[in-house]
Amino acid sequence: MELRQLRYFVAVSEELNFGRAAAREHIVQSALSQQIKRLERELGVRLLERTTHYVALTPAGAAFLVEARQILAHVERAAQVARTAQGTSPALRVGIIDASYDSMPQILHEAQALYPDLVIHQVEVGVPEQYQQLLDGRLDVGIGRAALAPSGIASHLFRQDRLGVLVPRRHRFAELDAVPVEALTREPLLLAEEMKAPEFNQFTVEMCRAAGFTPRVHQGTVDSVHAASTLVAQGRCLYCVPSSCISALPGTIWRPLTEPASFYPWSILWRVTDDSDHVRAVVTCARNMSERLGWLAPADQAAG
């Protein structure tokens with residue numbers, strides 16, 4: 001019997017749905033189902049009654065659930081006691097793309113509330129480098145567009161972020177409620193540093209091409225949103241940016257893009273092999289916050 005089997009059984013028992021339990025534990029449904037069946041074979045009892053329409057605990061399953069929860073709680077307490085005895089607090093290394101984006105700080109705030117002793121180290125690093133640092137163990141959690149994630153990286157989409165354009169305050173677009181993507185045809189668009197955010201540049205270029213034009217790219221790049229806003233405020237270029245980072249960009253105005261509306265997909269990233277409580281806590285916080293704030297509401301309109 002393995003601890004993960006107990007955790008999977010508890011998840012199914014609480015969700016009473018294999019699909020939701022698999023999503024909660026970040027594994028495919030077939031693998032979760034196999035582990036539950038293996039657990040039942042090892043115990044020699046049937047824990048769950050399941051059909052295509054419902055899942056229910058058997059009397060043996062209900063009794064086992066009480067003990068399984070206690071075992072998992074004891075294991076977590078034992079780990080905490082060991083860390084305390086060593087005199088060290090658990091640490092989580094989190095990759096962020098740019099300090100201007102507000103999603104990860106909100107998620108980490110909730111994770112910190114769940115684990116007050118958790119020491120969180122935030123590292124500002126581009127998504128390609130996040131992939132590498134996740135794989136070699138220098139990071140535990142990352143954030144970004146998961147479309148280009150290599151094997152070995154797991155992801156959970158938690159936000160479809162409305163894309164807009166930063167313009168100078170005196171620009172003609174500043175008078176509009178929204179800017180059609182096609183209206184960017186003759187505007188110089190600033191792109192991010194390619195080594196830091198190739199996936200965002202790709203998303204921007206694909207959006208323009210879908211609207212029927214190739215963007216006129218401003219010569220030169222920047223490595224932060226604040227640096228981009230400075231160039232925009234000076235009237236040198238415009239900059240496409242999601243709504244999650246526009247709270248403090250002086251000298252500029254953000255207008256949502258429309259015809260079509262575009263949404264940038266943010267995912268939590270982590271190693272497939274990392275099943276630690278703190279990583280799972282961050283993923284759970286991201287999912288819960290996403291549901292509470294409606295961050296995936298426009299998903300049917302979003303580009304992936």
Taking the Cα centre of region 3-86 as origin, sum charge times position over the Cβ atoms of Lys and Arg (+1) and Asp and Glu (-1), and report the length of that vector in debye to the nearest 20.
160 debye
Each label point is 7 Å from the Cα along the Cα-to-Cβ direction; what then is the distance between the points at residue 30 and residue 136, in nm?
3.4 nm
Once both labels are modelled 7 Å past Cα along the beta-carbon direction, what's the residue 119-residue 4 spacing in nm?
2.9 nm
Count neighbours as other Cβ atoms within 10 Å of each site's Cβ, and list the chymotrypsin sites (Phe, Trp or Tyr not before Pro) in region 187-272 that are DSSP loop with at most 14 such neighbours.
213
Between residue 293 and residue 243, what length in nm is gained on full extension when 0.36 nm per residue of separation is reduced by their alpha carbon distance?
16.6 nm
Averaging over every viewing direction, what projected area does the convex hull of the Cα atoms of the chain cover, in nm²?
18.2 nm²
Just want the answer: with Cβ charges of +1 for Lys and Arg and -1 for Asp and Glu, which residue in 105, 152, 10 is farthest toward the dipole's positive end in the chain?
10
For the pair residue 69 and residue 43, how long in nm is the line joining their label points, each one 7 Å along Cα→Cβ?
1.4 nm
Just to compare against my own numbers: the Cα pair-distance distribution for region 137-221, 10 Å bins, whole % per bin, please.
13, 40, 31, 14, 3
Test item: Cα-centred dipole of region 1-40, Lys/Arg +1 and Asp/Glu -1 on Cβ, debye
80 debye
Identify, among 286, 190, 222, the residue whose Cα sits farthest towards the positive end of the charge dipole of the chain, taking +1 on the Cβ of Lys and Arg and -1 on the Cβ of Asp and Glu, with the dipole about the Cα centre.
286
Volume per residue that the Cα convex hull of region 3-86 spans, once the total is divided by residue count, Å³:
97 Å³
Calculate the dipole size of region 89-304 relative to its Cα centre from +1 charges on Lys and Arg beta carbons and -1 charges on Asp and Glu beta carbons; express the result in debye to the nearest 20.
580 debye
For region 16-148, build the charge dipole from Cβ charges (+1 Lys, Arg; -1 Asp, Glu) around the Cα centre, then report which of 141, 54, 27 sits farthest towards its positive end.
54
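No lab work stands behind these numbers, since they all come straight from the coordinates. Since the model is a prediction, treat every value here as computed from it, not as a measurement. Here Cβ is always computed from backbone atoms with ideal geometry, including for glycine, and neighbour counts include all displayed protein chains.
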